[in-house]
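Visitor: Sharing a structure with you now.
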Amino acid sequence: MDLTRLISIDRIECNPPIRSKKRALEQLSELLASACDQTSSKIFDKLIERERLGSTGLGQGIALPHGRLGSGDDILAAFIKLPEAIAFESADGKPVDLLFALLVPEAKNNDHLQTLAAIAKFFQDEQNQKLIRDSNTAEDIYSVLENNFINQQAS
């Protein structure tokens, strides 16, 4: 899987002044909407709908909000690295500072599950977490995602 097909630098934000889960999901929705024919409010509704089923906070300060919407061909991603962690009802009860969101077309069920699993594996690696947390720009984060995700998939 090529992560660079899911995300681009313009859908990555580094250190935005976000202090709540709701605002983080709104911002991720806006980033995703910039790359598709869906409105940010529709995307936000889908992300919230998924959160109501159970938090997408994995633990270790990481969340993978996701939702299914539309009939497009491509899974889209957006990423936010927060300067301060926010409450997110994560599995480990810890706040979240790294949020990687996915918007998945309705027909891409198998791709959706495989993508979530690969991204979760990437973010569970403490070295990857450190590299991203040490990044100070969207370009730096993109470089970490591109280089380390591809390397992880090859091994």
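Visitor: Looking at Arg68 and the list (1) more than 12 Å from the chain's Cα centre (by Cα); (2) under 20 Å from Glu13 (Cα atoms), which single condition is not satisfied?
Guide: Only one criterion in (1) more than 12 Å from the chain's Cα centre (by Cα); (2) under 20 Å from Glu13 (Cα atoms) is unmet by Arg68, namely (2).
Visitor: State the number of residues belonging to segment 12-32 that are assigned to a strand (DSSP E or B) and in contact with a Ser or Thr (Cβ under 7 Å, 6 or more places away or on another chain).
Guide: The number of residues fulfilling the criteria is 1.
Visitor: Starting from segment 51-75, keep only residues that are touching a residue at least 24 places away in the same chain (Cβ under 8 Å) and under 14 Å from Gln124 (Cα atoms), then list their pairs with residues that are β-branched (Val, Ile, Thr) and in a strand (DSSP E or B) whose Cβ atoms are within a distance under 6 Å, requiring at least 6 positions of separation or different chains.
Guide: Once the first residue is touching a residue at least 24 places away in the same chain (Cβ under 8 Å) and under 14 Å from Gln124 (Cα atoms) and sits in segment 51-75, its partners that are β-branched (Val, Ile, Thr) and in a strand (DSSP E or B) give Gly57/Val96; Gly61/Val96; Ala63/Val96.
Visitor: Could you grab me the full set of residues in segment 33-62 that are in contact with a helix residue (DSSP H, G or I) (Cβ under 8 Å, 6 or more places away or on another chain) and either farther than 16 Å from Leu103 by Cβ or part of a strand (DSSP E or B) (or both)?
Guide: Within segment 33-62, Leu58, Gln60, Gly61, Ile62 qualify.
Visitor: With modelled with pLDDT under 95 and not aromatic (Phe, Trp, Tyr) as the only criterion, which of Leu32, Leu76 stands out?
Guide: Leu76
The values are calculated or read from the model by the stated rules, or taken from the named source; none is laboratory data. Quick caveat: nothing in here was measured; it's all calculated off a predicted structure. Positions of Cβ are backbone-derived with ideal geometry, glycine not excepted, and every protein chain shown enters the neighbour counts.
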